[in-house]
Amino acid sequence: MRHLVWFRADLRVTDNPALYEATAGGAEVEAIYIDSPGQWQQHGRAPIQRDFLSRNLQALNEQLAHLGISLTVLTVDRFAEVPALLAEWLEERQFDALYANRELGIDERRRDKAVQQALTIPCRVYNGDCVVDHGSLTTRSGDMYKVFTPFAKSWLARVRASGYRFLPVPAAQGEPQSCTPLGLSGERISSEEWPAGEAAAAERLAQFCQSSLRDYGEQRDFPAENGTSSLSPYLALGVLSPNQCLAAMEYELEQLPFSRGEPGFVWLNELIWREFYRHLLVAFPRLSMERAFKPDTEALQWSRDDQGFRAWCEGQTGYPIVDAAMRCLAQTGWMHNRLRMIVASFLTKDLHIDWRRGEAWFMSTLIDGELAANNGGWQWAAGTGADAAPYFRVFNPSTQGERFDTNGDFIRRWVPELAGVPAKVIHAPHDWLDTHHPGHGYPKPIVDHARARLHAIAMFDALKDRE
Ligand code: FAD
């Protein structure tokens, strides 16, 4: 038997169901990756993530070669060309079945359906990106949960009762092969700050579990600290699986923390948020189509303030925590979760700019950009999503800064104009700057938060008047 494994957002050999099943029973296995640079661009994904993808693909290539499996990269511009390409490629080669792990976005699902229709060999598709399979957790009436807490309860009950899967690296097929370097074309920005490959991801996971997992609940909200795992770039490309996270957590704590208050529970809860958004994406295809989860919020009257949007993107809003976060994103391709919430709230509730513009900006700059979490995070912040922040709770960017970057260490790292500003005025530095450094160049606040907050609430109240 000869099996073909199609790698996509699952760039690993550990706990990879498609690879594992394809190799089971002693079949001869080859692997492909299909690059679609035009689709990448259409999905607005970041050049730094493309570089990270390319480097991780090379790491996978080397690991597969070690297992005696060759990896071929095929290229088409768009997903629409994939079925014909695969059909033609397979015509000249004898394979008995195609193996792949499921992808969740609507374009990926349409592509996969077309591929299944175009091929004459069976396509076997697995769940490789969630601990609990999409669609398998439902309310009593059989629907997908729309609120996180009952979803999480159900998820925890399932994992407590049935455990989780952890598939080993398949046995080598033969002698290690030599492999030629792979590299993807297209615009790339160096991602060298992030070591590539599963070994690097596993090491980071182990280090996090040893040093920070127990204190995560207390440390995770402070961007100047290293309190979170920074594993998102690896999880987004499937270099690491969530089951691996659970296994590392269990190894460190000797058991999984199933109850609130147990050490490590808060981190597990974040992994459940990740699954919640992925299950939602499958259950509600409109989320892949730039549509709001709550249909009534489609009527919100967003502002078309291009100048405000530019100031937000460039970190020139005059709100230090927002500016530090946005400049950090521009320079590193990554942003701390607390800051993502603050800047998303600022764009939608202070500048009243459509969450879709923020979502797209994040996607085009993040090394960990992925549709489910990005869309989920943006719709949560904007008040348009499943289990979203209540519309009348608007983050105050100054008090958020005071609470989570009290001394201003994070701000000073990213906003050089504020380097000499004392901690007690760093979150509202303008008077101090005007007195001590006239001509400092740091912008005045581009909006008045108190007024902007009232306007945001009024935008949502106007929806009620339409009912
Ligand atoms: P940790 O705190 O160590 O958490 C571990 C893992 O759990 C993360 O790597 C991630 O995979 C998952 N996770 C944690 N928090 C969340 C969450 N709120 N929602 C979903 N998954 C979560 N995450 C992305 O991976 N890609 C995105 O494009 C993305 N866009 C976001 C946009 C907005 C507006 C917001 C508010 C959040 C977004 N997130 C996104 C979620 C979260 O901010 C990041 O996953 C997290 O900051 C990554 O850091 P970490 O790996 O240190 O996370």
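Would you check which residues across the range 373-389 are surrounded by 23 or more Cβ atoms within 10 Å (Cβ to Cβ), more than 6 Å from the ligand (Cβ to nearest atom) and of a type in the set (A, V, I, L, M) and list them? Of everything in the range 373-389, just one residue is surrounded by 23 or more Cβ atoms within 10 Å (Cβ to Cβ), more than 6 Å from the ligand (Cβ to nearest atom) and of a type in the set (A, V, I, L, M), namely 382. Across the range 1-58, the qualifying residues are those that are part of a helix (DSSP H, G or I) and of a type in the set (S, T, N, Q), and the one among them that is nearest to the chain's Cα centre (by Cα) is 49. Of all residues in the range 248-262, how many are of a type in the set (Gly, Ala, Ser) and over 15 Å from residue 207 (Cβ atoms)? Counting residues in the range 248-262 that are of a type in the set (Gly, Ala, Ser) and over 15 Å from residue 207 (Cβ atoms) gives 2. Among the residues of the range 287-315, the one identified as on the phi > 0 side of the Ramachandran plot and assigned by TED's automatic domain parsing to the domain that holds residue 462 is 315.
In the list 358, 318, 333, which residue meets the criterion of being at positive phi and buried (at least 23 other Cβ atoms within 10 Å of the Cβ)? One residue alone meets the criteria, 333. Selection of helices (runs of 4 or more DSSP H) fully inside the range 359-467 by the criterion of at least 2 residues being aliphatic (A, V, I, L, M) and modelled with pLDDT of 95 or more returns 371-382, 449-466. Tell me, which residue of the range 92-136 that is among the hydroxyl-bearing types (Ser, Thr, Tyr) and in contact with a helix residue (DSSP H, G or I) (Cβ under 7 Å, 6 or more places away or on another chain) is nearest to residue 167 (Cα to Cα)? For the range 92-136, the residue satisfying everything is 126.
For the range 110-148, the set of residues classified as without any contact (Cβ under 8 Å) to a residue 12 or more places away in the chain and either assigned to a helix (DSSP H, G or I) or crowded, with 18+ Cβ neighbours inside 10 Å (or both) consists of 113, 116, listed by residue number. Of the helices (runs of 4 or more DSSP H) that lie entirely inside the range 154-260, those containing 2 or more residues that are of a type in the set (S, T, N, Q) span 198-211, 242-253. Can you name every residue in the range 224-255 that is more than 10 Å from the ligand (Cβ to nearest atom), over 30 Å from residue 33 (Cα atoms) and not small (Gly, Ala, Ser)? The answer is 225, 249, 250, 251, 252, 253, 254, 255. Whether a residue is on the phi > 0 side of the Ramachandran plot, without any contact (Cβ under 8 Å) to a residue 60 or more places away in the chain and in contact with a Pro (Cβ under 8 Å, 6 or more places away or on another chain) was assessed, and residue 264 passes this test.
The values are calculated or read from the model by the stated rules, or taken from the named source; none is laboratory data. Note that this is a predicted model, so its numbers are computed, not measured. Quick reminder, even Gly has a Cβ in these numbers, built from the backbone with ideal geometry, and neighbours come from all protein chains shown.
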